[in-house]
Amino acid sequence: MSYQLRISEIFFSLQGETSYVGLPTVFVRLTGCPLRCAYCDTTYAFKGGEWMDAEQIIEKIAAYKTRYVCVTGGEPLAQKDCRKLLRDLVEQHYHVSLETSGSIAIGGVDQRVKRVVDLKTPASGEMDKNLFDNIEYLTEHDEVKFVICDREDYEWSKQQLAAYQIDRRCPVLFSAAEGMLDSSELADWIVADNLPVRMQIQLHKYLWGGGEGR
């Protein structure tokens, strides 16, 4: 394991999203992101951090004595050796999830990793960065997430859901962007349209406020 990654932080908390919600999880946040989404709550991870050897990262993860690891960012795949870390973690029998913006190809990511892929909506300001080819790589083990800011975002997300039949490939998550759309309003829209998606809230923010985890 002779590689290094620039790490913004490693911390232990409850998973706040996805089908792993509520599970005690180690979060490995990598530094850097090529996107600047309007609703980003982890802008501090754009820069800084420290270089860590793979052995150091895995040793720190092991100290928390949980089997769940989430590799996030920033955009973790912007560091090419992230894929090596993901592979090494699943080889050590961790349940590994990857939070990725969907702007970088996921084809080279170990398929044992739960790949949680964003599709950026119009109000994110980064819709043109969506790499729709990623949809072809999705399996039932993966998940697609839409962060929705307003009704236009919702209608756009419905269109992508239908056009690519995403729900037939994997679970689909709809979230309301904090401070831009009320979660109850989004829930009402989903129920009214009987969409084949999972409505999710960010559990960690309801418990502790702030960004991802605590």
Hey, rough spin-label estimate for Glu55 and Ala162, points 7 angstrom out along Cα→Cβ, what's it come to in nanometres? 5.6
If you take the square roots of the eigenvalues of the alpha-carbon gyration tensor of segment 60-144 and sort them as a ≥ b ≥ c, do you get rounded (a/c under 1.5), prolate (a/b over b/c) or oblate? prolate
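Helix-only mean residue ellipticity at 222 nm, the chain, DSSP H runs n ≥ 4 weighted -39,500 (n - 2.57), per residue, nearest 500. What is it?
Details: 5 runs with 50 residues, N = 214.
Value at 222 nm, helices only, nearest 500: -7000 deg cm²/dmol.
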Once normalised by the length of the chain, the mean sequence separation of its alpha carbon contacts under 8 Å that are 6 or more apart gives a contact order in percent of 19
Where the centre of each part is set by its Cα atoms, how far does segment 68-112 sit from segment 135-214, in angstrom? 21
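If each residue's Cβ is checked for other Cβ atoms within 10 Å, how do Arg29, Arg36 rank with the fewest at the top? Before the final figure, lay out the partial values.
Details: Arg29 23, Arg36 12.
Lowest to highest Cβ neighbour count: Arg36, Arg29.
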With a Förster radius of 25 Å, plug the Cβ-Cβ distance of Lys65 and Gln4 into 1/(1 + (r/R0)^6) and report the FRET value to the nearest 0.05. 0.55
Rounded to a whole number, the Stokes-Einstein D of the chain in µm²/s (Kirkwood radius over Cα pairs; 10 °C; 1.306 mPa s) is 91
Defining a contact as two alpha carbons under 8 Å apart and six or more residues distant in sequence, what relative contact order in percent does segment 1-120 show? 25
Computed for the chain: size of charge dipole around the Cα centre, +1 on C-beta of each Lys and Arg, -1 on C-beta of each Asp and Glu, debye to nearest 20, value 560
Please give, to one decimal in nm, the separation of the simple spin-label points placed at Ser19 and Val191, each 7 Å out from Cα toward the Cβ. 2.5
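Every number here is computed from the coordinates shown, using simple stated rules; none is lab data. Note that the coordinates shown come from a computational prediction; the quantities given were computed from them, not determined experimentally. Don't worry about glycine lacking a Cβ; one is built from the backbone with ideal geometry, like all the others, and counts go over all protein chains shown.
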